[in-house]
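**Student:** The following block contains the structure, expressed as structure tokens.
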Amino acid sequence: MADRRTVIMEAAARLIARRGVRGLRIEELAAEAEVSNGLIYYHFKDRAGVLRATLEFINNRAERYTRDHVAAEHLADPRRVLEQTLLLEFQDTAEVRENSTAWGELRASAMFDDLLRADLAEATKAWDQEVADLIADVVPSLAPSAALAAAQRLTTLLEGLSGRWLSGGLTVDRARELILAAITVELTHLAK
């Protein structure tokens, strides 16, 4: 059985994905997680602590399902690792939909919340750097600043495609086609 903190984080991600950050109330979170309000305050101190921990939780969950899938495929080609890492954000599974929706909700709320904004900026910076490192593996002679700029373009596009996919504006297959095309454009440009 998962520990109580994990159960609370899973419930928080579900509630944020379903109702948004503004809809997250400690009482409802406690009911969703089937724990007491006091246990939530014990683990997270306050609502802001829950939000910060949820952001970290969804990032770790995304990293886990990406890393596990790439490892299971025994990918050795750096380009395939880059492609799979980005394509795995478009899995039509409940966990990925929930993660992507919660990330979008947290990003939208960060526009109005200084503390959440700082945490989200750090998470985004780490994600951009992870993708930049993958790009550098594909094009080893690339300057780090060029790899980071390409990563920022790709992750920004990925977030936009994810929003369209989750809201029904694109199919998952079309979103995957578009991100693969963007990777090709970036790598072609960087190889020049």
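The values are calculated or read from the model by the stated rules, or taken from the named source; none is laboratory data. Please read all numbers here as calculations on a predicted model, not as lab measurements. Glycine also receives a Cβ, built like all others from the backbone with ideal geometry; neighbour counts cover every protein chain displayed. All accessible areas refer to the heavy atoms of the entire protein, side chains included, with ligands and DNA or RNA removed. Shrake-Rupley method; radii C 1.70, N 1.55, O 1.52, S 1.80 Å.
**Student:** With H69, H43 as the choices, which residue is more than 19 Å from the chain's Cα centre (by Cα) and not basic (K, R)?
**Tutor:** H43
**Student:** Additional query: Can you say whether R79 is open to solvent by 80 Å² or more (accessible area, probe 1.4 Å), within 21 Å of I179 (Cα to Cα), assigned to a helix (DSSP H, G or I) and of a type outside the set (V, I, T), as far as the supplied structure shows? Give the steps one after another, and end with the answer.
**Tutor:** On the way: open to solvent by 80 Å² or more (accessible area, probe 1.4 Å): no; within 21 Å of I179 (Cα to Cα): yes; assigned to a helix (DSSP H, G or I): yes; of a type outside the set (V, I, T): yes.
No: the conditions fail for R79.
**Student:** Same structure, new question: Just to be sure before I move on: is A71 surrounded by 17 or more Cβ atoms within 10 Å (Cβ to Cβ), among the small types (G, A, S) and either in contact with a strand residue (DSSP E or B) (Cβ under 9 Å, 6 or more places away or on another chain) or over 20 Å from A123 (Cβ atoms) (or both) in the structure I sent? Steps first, please.
**Tutor:** On the way: surrounded by 17 or more Cβ atoms within 10 Å (Cβ to Cβ): no; among the small types (G, A, S): yes; either in contact with a strand residue (DSSP E or B) (Cβ under 9 Å, 6 or more places away or on another chain) or over 20 Å from A123 (Cβ atoms) (or both): yes.
No: the conditions fail for A71.
**Student:** Looking at region 15-38, can you tell me whether even one residue there is hydroxyl-bearing (S, T, Y) and in a helix (DSSP H, G or I)? Outline the logic, then answer.
**Tutor:** Going through region 15-38, the residues hydroxyl-bearing (S, T, Y) turn out to be 36.
Filter again for in a helix (DSSP H, G or I), leaving none.
No, the conditions are met nowhere in region 15-38.
**Student:** For region 34-62, name all the residues that are open to solvent by 70 Å² or more (accessible area, probe 1.4 Å), charged (D, E, K, R) and without any contact (Cβ under 8 Å) to a residue 60 or more places away in the chain.
**Tutor:** If the condition is that a residue be open to solvent by 70 Å² or more (accessible area, probe 1.4 Å), charged (D, E, K, R) and without any contact (Cβ under 8 Å) to a residue 60 or more places away in the chain, then E34, K45, R47 are the ones that fit.
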